[in-house]
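One structure below.
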Amino acid sequence: MEKTSISLRLTPYVRNAFFSSMDVCIRISRLDVASGFELCRIQKETVRIPFCPMEPLQAYDELGYIPLTDTEESAYPIVYKKWMCGRDVSGAVTIEYSVYPRILPPGYTSSPYFDFRAEDGGANGAGLTFLANVPDAGGLLDLKWDLSHMPAGARGIWSYGEGDISREGEMSDFLHTYYAVGDIRSEVSGDYGFYWLSEPPFDLRELARQTRTLFVKMSGFFRDIRSVYRIFVRRDPFEKSGGGTALQRSYMFGYSNAAVPTPDKVRNLLAHEMVHNWPLMEDEPYGTCTWYSEGCAEYYSILLPVRFGLASREYLLNELQNRTDAYYTNPTRGMGNMEAAAICWEDRRAQKIAYGRGLFFLAETDTAIRRATNGEKSLDDVVLALLVRSGNGEKYGNDAFIGTVKEISGLDLAGRLRDMASGMPFAPPRDGFDGLLDYTEVNTLEADTGLPAITYKWFLREKA
Ligand SMILES: [Zn+2]
């Protein structure tokens, strides 16, 4: 069978020094859809982040114009808009429309950084807020930039490379990646790069170099030989910023000139988002496995830099203390994982639960495995074994975690995982962070409510 190719042509426009719009043209070499069935869809809303404002979508096949009707479907936390064919469609299909960068509503102070936004001389954002998708399509992905309406020197960058790029993949890869276009500054080394539009008030080049060292070491730890990795930087126009969002082989990191982040904060944020490149479970239904991906990102972002000798034990102490206080004083910490996931985009306190709970549960799992195997095995063995399965294209959830822990240590953590997921309280494990720390219990108050709570004050153990 002839291999499908999906070509994506992006034509951005800068007018009067402002990024104004972008034409999107998607061509699929072969597609058969019966009348009444779906041609394509957009993610009209993804965890509250809207798709870009767009001109009407139009589609053609070899017979010409395809009549379309549209419909909406909610699959929390995504709302889809789907276009259905008004007649049978076959052969090469072209889908075209134009998008405008998102204008932030007044008072907006949020992430994740999916939205396609304009900034000094260009724009950046995730494909899922400006690209249509044909579910299950895949083959040769062919990205082309038409920069003829941009000022001289404009560049187009995708998570997988700069300029025109061809690679095998799923069409959804176009959505789960970042794009930046315009007058882009960068710090690049091979397939690793940092890309930004506005010059920030801190040394981004130095940060890029440090982060590259971390990437190389983390890649080694997670047994990854792929070199592609790109970090996109945006300046938020609102003060309460400073987040990051990870997609395939890349992430977007944001800061605000009104509250310039400290180097430590930025380094840790970058480390967290970088870990997302590797350990991942299929979060299906939404919220069942968030504890694992966020927990791993938290756990390894504070431990690995210390193991690599790139950060001090005090870094671990400080980062862990912040996380401990945040989790154990969070008034929503008694919610179950699914309950929290259902409201987490309304109540950001509930959104944070998975981070602390995952971190402490993984640390507890690590101590349990070390104890059961006389220190021969650890959580790392579980995470790496699961990663091998991901590398084979497998998708998995909590059962695989339980099964792998059992294979490696003989322990059955199914009951503990159920308790953790239900929101049952548990203290952090004393030996959970490479045995470097211990704590004392401290009475404190919940954030917001002022109700009594117990947190844990960590201190460094004497070096053995
Ligand atoms: Zn994360």
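In percent, how large is the relative contact order of region 380-440, given Cα pairs closer than 8 Å and 6 or more residues apart? Spell out each step's value before the answer.
Details: 24 pairs, mean separation 12.5, N = 61.
This gives 20 percent for region 380-440.
Could you give the size of the charge dipole of the chain about its Cα centre, using +1 on the Cβ of each K and R and -1 on the Cβ of each D and E, expressed in debye and rounded to the nearest 20?
Values: 50 positive and 63 negative charges, 177 e Å.
The calculated dipole for the chain is roughly 840 debye.
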### Packing rank of 97-109, 41-53, 182-194, where each peptide gets the mean count of other beta carbons within 10 Å, highest leading
41-53, 182-194, 97-109
### Task
Please report, in debye to the nearest 20, how large the charge dipole of region 88-142 is about its Cα centre when each Lys and Arg carries +1 at its beta carbon and each Asp and Glu carries -1 there.
220 debye
### Query
Can you run phi through the Karplus equation (6.51, -1.76, 1.60; θ = phi - 60°) for region 388-401 and list ³J(HN,Hα) in whole Hz, with x for Gly and Pro?
4, 5, 4, x, 8, x, 6, 10, 8, x, 4, 4, 5, 5
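Rounded, prolate or oblate: which fits region 33-163 when a ≥ b ≥ c are the square roots of the eigenvalues of the alpha-carbon gyration tensor, with rounded for a/c under 1.5 and prolate only if a/b beats b/c? All intermediate terms of the calculation are to be shown ahead of the outcome.
Numbers: a/c = 2.06, a/b = 1.31, b/c = 1.57.
Oblate.
Evaluate the Kirkwood expression for the hydrodynamic radius of region 261-362, namely the inverse of the mean inverse distance over all pairs of different C-alpha atoms, and round to one decimal in Å. Intermediate results must be reported in sequence, preceding the final value.
Working: mean 1/r = 0.0715 Å⁻¹.
Final number for the Kirkwood radius of region 261-362 is 14.0 Å.
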### Full-extension gain in nm, ASP399 to THR94, via 0.36 nm per residue minus C-alpha separation
105.6 nm
### Query
How do LEU451, LEU247 rank by accessible surface area computed with a 1.4 Å probe, from largest to smallest?
LEU451, LEU247
### Query
If R0 is 41 Å, what FRET efficiency do you get for GLU462 and SER5 from their C-beta distance, rounded to 0.05?
0.10
### Accessible surface, the chain, averaged per residue in Å² (probe 1.4 Å)
44 Å²
## Note on the structure
For region 8-16, Karplus-derived ³J(HN,Hα) couplings (6.51, -1.76, 1.60; θ = phi - 60°; whole Hz; x for glycine and proline) come out as 10, 10, 10, 10, x, 10, 10, 10, 6
#### Entry: Rounded accessible area of ILE408 (nearest 10 Å², 1.4 Å probe)
40 Å²
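Over region 114-249, what relative contact order in percent results from Cα pairs under 8 Å that are six or more residues apart?
Normalised by residue count, the contact order of region 114-249 is 27 percent.
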### Message
With the cut-off at 1.5 for a/c, could you classify region 112-263 from its C-alpha gyration tensor as rounded, prolate or oblate?
### Response
oblate
### Task
Calculate for the chain the 222 nm mean residue ellipticity that helices alone would give, adding -39,500 (n - 2.57) per DSSP H run of length 4 or more and normalising by residue count, nearest 500 deg cm²/dmol.
-9500 deg cm²/dmol
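Which value, in nm² and rounded to one decimal, describes the direction-averaged projected area of the C-alpha convex hull of region 182-307?
Values: hull surface 33.3 nm².
Seen from a random direction, the Cα hull of region 182-307 projects 8.3 nm² on average.
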### Query
For ASP347 and SER148 in the same chain, what is the full-extension length gain: residue separation times 0.36 nm, less their Cα-Cα distance, in nm?
67.2 nm
### Message
Just to be sure I understand the model, the point goes 7 Å from the Cα along the line to the Cβ. What's the resulting GLU72 to THR444 distance in nm?
### Response
4.1 nm
### Task
Give me the distance in nm between label points sitting 7 Å out from Cα along the Cα-to-Cβ direction at ARG307 and LYS217, one decimal.
1.1 nm
### Query
By average Cβ neighbour count within 10 Å, what is the ranking of 217-223, 156-162 from highest down?
156-162, 217-223
### Dipole moment magnitude, nearest 20 debye, region 29-127 about Cα centre, only Lys, Arg, Asp, Glu C-beta charged
240 debye
### Task
Determine, for each peptide in 65-72, 399-406, 349-356, the mean count of other beta carbons within 10 angstrom over its residues, then list the peptides with the highest first.
349-356, 399-406, 65-72
### Query
If region 263-313 were replaced by its equivalent ellipsoid, with semi-axes equal to the square roots of 5 times the Cα gyration tensor eigenvalues, what would those be, largest first, whole Å?
24, 10, 8
### Heavy-atom accessible surface of the chain: percent carbon and sulfur, 1.4 Å
51 percent
### Task
Based solely on C-alpha atoms, express the radius of gyration and the Dmax of the chain in angstrom.
23.2, 76
### Message
Let me see the P(r) profile for region 344-461: every Cα-Cα distance counted, bins of 5 Å, each bin given as a percent of all pairs.
### Response
2, 10, 16, 20, 19, 14, 10, 6, 2, 0
### Message
Lysine pairs in the chain with Cα distance under 15 Å, only those 8 or more apart or on different chains: how many are there?
### Response
4
### Query
Amide H of GLU45: which non-local residues (sequence gap of 5 or more, or other chain) have their own amide H closer than 5 Å, using H built in the peptide plane?
PHE51, VAL79
### Summary
Spelling it out for TYR456: with amide H atoms placed in the peptide plane at 1.01 Å from N, the residues 5 or more places away or on another chain with amide H under 5 Å from its amide H are VAL442
### Query
So for the pair LYS406, ALA326, with labels modelled 7 Å out along Cα→Cβ, what separation do we get in nm?
3.4 nm
### Message
Spelling out what I want: for every residue of region 78-92, take phi, set θ = phi - 60°, compute 6.51 cos²θ - 1.76 cosθ + 1.60 (Karplus), and round to whole Hz; glycine and proline get x.
### Response
10, 10, 9, 10, 10, 10, 9, 6, x, 7, 5, 10, 7, x, 6
### Query
Based on the Cα coordinates of region 319-371, what is the per residue volume of their convex hull in Å³?
78 Å³
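The values are calculated or read from the model by the stated rules, or taken from the named source; none is laboratory data. Only a predicted model underlies this, so the values are computations on that prediction, with no experimental measurement involved. Counting neighbours? That spans all protein chains shown, and the Cβs are built from the backbone with ideal geometry, glycine included. Remember, those area values only see protein heavy atoms, side chains included, never the ligands or the DNA or RNA. Shrake-Rupley method; radii C 1.70, N 1.55, O 1.52, S 1.80 Å.
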